[in-house]
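Chemist: This is the structure I have questions about; it appears just below.
The values are calculated or read from the model by the stated rules, or taken from the named source; none is laboratory data. Computed from a prediction, not measured in an experiment: that's the story for all the values here. Every residue, glycine as well, gets a Cβ built from its backbone with ideal geometry; the counts of neighbours run over all protein chains shown.
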Amino acid sequence: MEKIYDVIITGAGPAGMTAAIYAKRAELETLLIEKNFMGGGQVLNTYEVDNYPGLPGINGFDLGEKFSEHVDKMGVERISEEVVSMELTGDVKKVVTDQGEYLSKTVILATGNSPRKLGVKGEEEFAGMGVSYCATCDGAFFKGKITAVSGGGDVAVEDAIFLARGCEKVYLIHRRNELRAAKSLQTALFNTPNIECVWDSVVTEIKGDGNVTGITVKNVKTGEEKEIPLSGMFVAVGNEPNSSYISDIKCDEKGYILAGEDCKTNVPGVFVAGDLRSKRLRQITTAVSDGANVITSVQDYLI
């Protein structure tokens, strides 16, 4: 007979891995599915994590590795496959990946979100050729060069500070005249001499010849455009939920799945945890919290 798990968890970021740890502690038959070779989610792309309790300043990759080691220590069954569809109605759910099909009594959706794109001319053409969505992944390629970051939140400011350590100059381009990032990050940014803020502006085009050579920036108040020569364009303008493979689940207007702190969706036996859940704050700590809460809800459902 085909194996039926107690719970299948899709996504191995902080929420998915925490859920897997708690599921094994609850002695649930668990399968963790992650499309990437290594779990950790977006935390792997974070240069420094300064707000995770007890581990101030830890490298994001190291934190992700610690999560993953804990999951392995618990003996969680995990596979590296990409989920392509699901059948979530009925008592037994089916999760279809690019390599097989798996059955479970419950499913936890924890696939998080992905960086949002600018949607401007040249962005797709020069992706990987100077356009990047991960400063900690690709920043080393631009040592001694001029780069720019588009965005005004925590990630954008963190990226600009990180890049400034190796780049000749970094432009931070933001559509408003003030940042949304934490005050501590803003202080660090404004104290970094080789970062220049370009206020009230957006990138309208990315130019290049094989690789990125510059960008066109437009002032949203005056309409004035100017060219900025550079070698690297880093995009940090928010994220979009990884929910395209999900159907029959209620979402908010942005595509994030609706669920309260109990992580229950509108479909019985289907739960959501981490950044994929519609909520006010998306941080590692809130993802871990969801991972713990969701298993209590799974246990209640199974009982």
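Chemist: Residue check, Val84 against (1) touching a residue at least 24 places away in the same chain (Cβ under 8 Å); (2) surrounded by fewer than 14 Cβ atoms within 10 Å (Cβ to Cβ); (3) assigned to a loop (DSSP other than H, G, I, E, B), all met but one. Which one?
Modeler: The single condition Val84 does not satisfy is (3).
Chemist: Also, quick follow-up: I'd like to check something: does the range 164-171 contain any residue that is at negative phi, surrounded by fewer than 19 Cβ atoms within 10 Å (Cβ to Cβ) and among the aromatic types (Phe, Trp, Tyr)?
Modeler: Among the residues of the range 164-171, not one is at negative phi, surrounded by fewer than 19 Cβ atoms within 10 Å (Cβ to Cβ) and among the aromatic types (Phe, Trp, Tyr), which makes the answer no.
Chemist: List the pairs whose first member sits in the range 49-60 and is more than 18 Å from Val157 (Cβ to Cβ) and surrounded by fewer than 16 Cβ atoms within 10 Å (Cβ to Cβ), whose second member is modelled with pLDDT of 90 or more and among the β-branched types (Val, Ile, Thr), and whose Cβ atoms are under 8 Å apart, counting only residues at least 6 apart or on separate chains?
Modeler: Pro53/Thr285
Chemist: Related question: Hey, which of the strands (runs of 3 or more DSSP E) in the range 220-275, taking only ones fully inside, have at least 2 residues that are surrounded by fewer than 19 Cβ atoms within 10 Å (Cβ to Cβ) and out of contact with any Lys or Arg (no Cβ under 6 Å at 6 or more places or on another chain)? Steps first, please.
Modeler: On the way: elements: 225-229, 232-235, 239-241, 270-272.
Of the strands (runs of 3 or more DSSP E) lying wholly inside the range 220-275, those with at least 2 residues that are surrounded by fewer than 19 Cβ atoms within 10 Å (Cβ to Cβ) and out of contact with any Lys or Arg (no Cβ under 6 Å at 6 or more places or on another chain) span 225-229.
Chemist: Moving on to the next point. Could you please find all residues in the range 175-196 being crowded, with 17+ Cβ neighbours inside 10 Å and in a strand (DSSP E or B)?
Modeler: Listed by number, the list holds a single entry, Ile195.
Chemist: Can you name the residue in the range 95-114 that is in a strand (DSSP E or B) and touching a Gly at 6+ places or on another chain (Cβ under 8 Å) and, of all such residues, is farthest from Thr10 (Cα to Cα)?
Modeler: Filtering first and then ranking leaves Lys105.
Chemist: Still on this structure, I have one more. Across the range 115-126, what is the total count of residues that are surrounded by fewer than 17 Cβ atoms within 10 Å (Cβ to Cβ), assigned to a loop (DSSP other than H, G, I, E, B) and either hydrophobic (A, V, I, L, M, F, W, C) or more than 20 Å from the chain's Cα centre (by Cα) (or both)?
Modeler: 1
Chemist: Turning to a different aspect of this structure: Among the listed residues Val202, Val217, Val288, identify the single one that is within 26 Å of the chain's Cα centre (by Cα) and either surrounded by 19 or more Cβ atoms within 10 Å (Cβ to Cβ) or closer than 25 Å to Val43 by Cα (or both).
Modeler: Val288
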